Amino acid sequence: MAAFLELRGVRKAFAGSHGATPVLAGVDLAVAEGELVAIIGASGSGKTTLVSLIAGLLPPDGGEIALDGVPVRAPSLERGVVFQNHSLLPWLTVLENVQLAADAARSDWSAAARHARAEHWVRLVGLTDAAAKRPAQLSGGMRQRVAVARGLAVEPRVLLLDEPFSALDALTRATLQNELARIWASDRRTMLLITNDVDEACLLADRIHILVPAPAGGHTLADGIAVALPRPRVSSELNRQVEYQRVRREILARLAEAHMRAAG
Amino acid sequence: MTRRSSLSTLLLPFAGIATVLAVWTVLSRHVAPDLPSPWRTWKESEPYVLRPFFKDGEMNQGIGRFALLSLWRVTKGFSLAIAIGTPLGFLLGLSPTFRRAFEPVIQVMRPISPLAWLPLGLIIFQRSEPAALFTIALCAMWPTVVNTAVGVRSINVEYLNVGRVLRLSPMTMLRKIVIPATLPYVFTGYRLSLGLAWLVIVASEMLTGAPGIGGFLWQEYNSLVYSHILLSIVTIGLIGFALDRLMGMVETRVRGL
């Protein structure tokens, strides 16, 4: 089976004062079209670097990244990104921020059609009433919704989400996770969710990979753990499901083992 | 506590002014007999201040009229300075090649005094008015150039990454990301440039003898009416202060966006 998004032996190191520090040491990953794959890693395990590489913002030192068989060389509208710190442009309103992406995605459309398209994405994340506000006037949860709307407005073939909800309080996070699940269920866009939250990964993903320390420094991706939970998944009911408990236990065990290996 | 601090904010500036007046009085009485006292300065300046817009001749006008002439000249020179300085700053910030080529030239041109540029302006333009504008623009544009360039270089890389993943065209990138992100720096540059332009105007008017606050100051020095020098100095200071406050307000509004 040829994967839709494929990473083979991807390596990246950053030059520092003590020579090169390896961040990613041979990452392999295959994501099928329409799949939602989560990647869990501790802080400093190269999560954001991985996103930057797939997005084409950084070139890998070695290995191959390909989307639908086409090698990744630079950023492209086929790979949308929801950045970690929302990265909304503070001088633009909610609608204008999303409009920027809608304009990029649908440059062949008329201005009116593109405007309607941007409004559609703002509505999808429930922010129509706040469309004329600037990011500074919004709560953290609302800003992150705008960031998701902007990511979706690109209408990418794969959406990369870099810890989209990590800066939010638990309640807001739960709400946004459920919304993301709803959005994914409605259009089945391929998504790669980077997170440090095991429950978030279990709730959303078809498959979960863990970034583990590599023997020679840096991190690499361990084999995936399939999450065979029926959808729609309801966060409040997940706790009672045997499959959920199994996946959760396995991930925590693997994370603990990775931690031990890193420490020892 | 609040009472006391509000009292001090009101009283302390007066104490500062009183100190200056006291030093001035002592100087005029005991050290420099040619220096008119504050009171004499006021008496001899009264007609110029109380009828600020009279005009008896090219070089005998109310202080308000002279101030307006100078302000108009500064407006023109400052506009020229930011019209050249802003794009220059963006170029320096955006293009490493351009920066390597022109940064040394700019660093050398920056510290040159207006008194040095003015004769050059007179040689180039043959007339005093364009020479004055040339001098003001050339001296006043550097803060705009430098601040704009720094602003462009310190744009949050997150914003640039947004532009990159959205594959924005260079023009859209400039309009939607680079310019808005740099604007606060640009306005800080404008504020400093305006301050410099006002400093330069006096020097250029003194040298060219053009009617204005600086021209009036120099003429009254030559006519030995020293009190009017002091009147000019006080006026220059007050107007400079007002200009800075004005630009400060504009700057705050821009930053608040």
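The values are calculated or read from the model by the stated rules, or taken from the named source; none is laboratory data. Note that the coordinates shown come from a computational prediction; the quantities given were computed from them, not determined experimentally. All Cβ positions, even for glycine, are placed from backbone atoms using ideal geometry, and neighbour counts span all protein chains on display.
Right, A:F14: surrounded by fewer than 17 Cβ atoms within 10 Å (Cβ to Cβ), away from chain B (no Cβ under 14 Å) and not small (G, A, S) or not?
yes
Report, by residue number, each residue of region B:208-242 that is in a helix (DSSP H, G or I), in contact (Cβ under 8 Å) with a residue 60 or more places away in the chain and not hydroxyl-bearing (S, T, Y).
Scanning region B:208-242 gives B:I213, B:G214, B:G215, B:F216, B:Q219, B:H228, B:L230, B:L231, B:I239.
Of all residues in region B:36-50, which are over 11 Å from B:H228 (Cα atoms) and not in a helix (DSSP H, G or I)?
B:S37
Based on this model, can you work out whether A:W121 counts as more than 10 Å from chain B (Cβ to nearest Cβ), in contact (Cβ under 8 Å) with a residue 24 or more places away in the chain and hydrophobic (A, V, I, L, M, F, W, C)?
Against the criterion (more than 10 Å from chain B (Cβ to nearest Cβ), in contact (Cβ under 8 Å) with a residue 24 or more places away in the chain and hydrophobic (A, V, I, L, M, F, W, C)), A:W121 qualifies.
Please count how many residues of region B:137-181 are of a type outside the set (A, V, I, L, M) and within 11 Å of chain A (Cβ to nearest Cβ).
12
What tally of residues in region A:44-62 results from selecting those that are on the phi > 0 side of the Ramachandran plot and at pLDDT below 95?
Total meeting the criteria: 2.
If A:S52 meets every condition in (1) within 11 Å of chain B (Cβ to nearest Cβ); (2) in a loop (DSSP other than H, G, I, E, B); (3) of a type in the set (S, T, Y) apart from one, which number is that one?
Failed condition: (2).
Tell me the residue from B:I106, B:I136, B:I124, B:I82 that is among the aliphatic types (A, V, I, L, M), over 30 Å from B:V234 (Cβ atoms), within 23 Å of the chain's Cα centre (by Cα) and in the same structural domain as B:L217 (by TED's automatic domain parsing), please.
Residue meeting the stated conditions: B:I106.
Listed here are the residues, each with its yes/no results for (1) outside any loop (DSSP other than H, G, I, E, B); (2) surrounded by 22 or more Cβ atoms within 10 Å (Cβ to Cβ); (3) acidic (D, E).
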{"position": "A:A132", "(1), (2), (3)": "no, no, no"}
{"position": "A:L161", "(1), (2), (3)": "yes, yes, no"}
{"position": "A:P164", "(1), (2), (3)": "no, yes, no"}
{"position": "A:L171", "(1), (2), (3)": "yes, no, no"}
{"position": "A:E179", "(1), (2), (3)": "yes, no, yes"}
{"position": "A:I194", "(1), (2), (3)": "yes, yes, no"}
{"position": "A:E200", "(1), (2), (3)": "yes, yes, yes"}
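For region A:16-29, indicate whether the set of residues that are small (G, A, S) and part of a loop (DSSP other than H, G, I, E, B) is non-empty.
Looking through region A:16-29, at least one residue is small (G, A, S) and part of a loop (DSSP other than H, G, I, E, B).
Which one of these is within 13 Å of the chain's Cα centre (by Cα), of a type in the set (A, V, I, L, M) and at negative phi: A:A205, A:A136, A:A185? Write out each step before concluding.
On the way: A:A136 fails: within 13 Å of the chain's Cα centre (by Cα); A:A185 fails: within 13 Å of the chain's Cα centre (by Cα).
Matching residue, one of A:A205, A:A136, A:A185: A:A205.
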